[in-house]
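Inspection log for the structure reproduced underneath, given as structure tokens.
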Amino acid sequence: DQIAYNQDLTHKTILVGDSGVGKTSLLVQFDQGKFIPGSFSATVGIGFTNKVLTVDELKVKLQVRETHTNTHTLTLKGSRAGCSFQIWDTAGQERFRSVTHAYYRDAQALLLLYDITSRSSFDNTRAWLTEIHEYAQDNIVIMLLGNKSDMSNKRVIRREEGEKLAREYGVIFLETSAKTGSLCVVLFISLLMVLGSSF
Ligand code: GDP
Ligand code: MG
């Protein structure tokens, strides 16, 4: 069978959730395989790196770079020419609830993070979901992520609460740690699989 690959096919995934939940750390962990402590400020870029990952015998090239002044983009270039997989990160706008319509536009997948040590970040996921349903396309793939799973001594949100919320909204759920890297690779590979056929 002939499959026509769109040369310009771009899969866009966006990171959302309250400030401080670990969005940027998660992206850096996936990209560099390490945890760089401390918050990433709006002005500090996460640099430019390249990495090759093999998913089902397909080589996928990752690039992280700062695109605009206000987003970080991780680009995965599939072995089939022209496909790219981008992960967009906000750079502080979430603090002011000013993640714009443009950020959601054309996104096929979305990672909604909360911090398992912060009740407010968990409670706010409902407001995020309302906003997502307003701005994102209807068939967007959503994953709810309880981040900082390494901080078990400070946990205030039980795993069951995360699972229950995810069931209620019909979204995928995982607990992750940007610090230990726990499930980070699983997370991004699942994302590739979900979005997948064009790679
Ligand atoms: P963002 O505002 O959502 O992008 O959050 P950041 O990535 O800037 O992280 C906020 C703070 O949480 C920083 O101090 C990070 O070092 C810390 N942090 C992020 N993820 C984790 C994690 O999985 N475990 C722990 N222990 N700390 C984390
Ligand atoms: Mg950030």
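Restricting the search to the range 118-148, which residues are polar (S, T, N, Q) and either within 16 Å of ligand 2 (Cβ to nearest atom) or open to solvent by less than 30 Å² (accessible area, probe 1.4 Å) (or both)?
The first filter runs over the range 118-148 and keeps only residues polar (S, T, N, Q), leaving 118, 120-121, 124-125, 130, 137, 139, 147.
Within the range 118-148, S118, S121, N124, T125, N147 meet the criteria.
Among the candidates E160, E66, single out the residue that is among the acidic types (D, E) and either closer than 20 Å to V186 by Cα or modelled with pLDDT of 95 or more (or both).
E160
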Legend entry - Members of the range 103-124 found to be among the hydrophobic types (A, V, I, L, M, F, W, C) and in a helix (DSSP H, G or I), listed by number: F122
Inset, instruction - Check off (1) on the phi > 0 side of the Ramachandran plot; (2) open to solvent by less than 80 Å² (accessible area, probe 1.4 Å) for D106 and give me the number that stays unchecked. - result: (2)
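For the range 157-168, enumerate the residues that are surrounded by fewer than 17 Cβ atoms within 10 Å (Cβ to Cβ) and either part of a helix (DSSP H, G or I) or touching a strand residue (DSSP E or B) at 6+ places or on another chain (Cβ under 9 Å) (or both). Reasoning before the result, please.
Kept after step one, since they are surrounded by fewer than 17 Cβ atoms within 10 Å (Cβ to Cβ), are these residues of the range 157-168: 158-161, 163-164, 167-168.
R159, E160, E161, E163, K164, R167, E168, listed by residue number.
The values are calculated or read from the model by the stated rules, or taken from the named source; none is laboratory data. Predicted, not measured: the structure shown is a model, and the values here were computed from it. A quick note on method: Cβ atoms are made from the backbone with ideal geometry, for glycine too, and the neighbour counts reach across all protein chains shown. When the accessible area is computed, the model is the full protein with side chains, heavy atoms only, and any ligands, DNA or RNA have been set aside. Shrake-Rupley method; radii C 1.70, N 1.55, O 1.52, S 1.80 Å.
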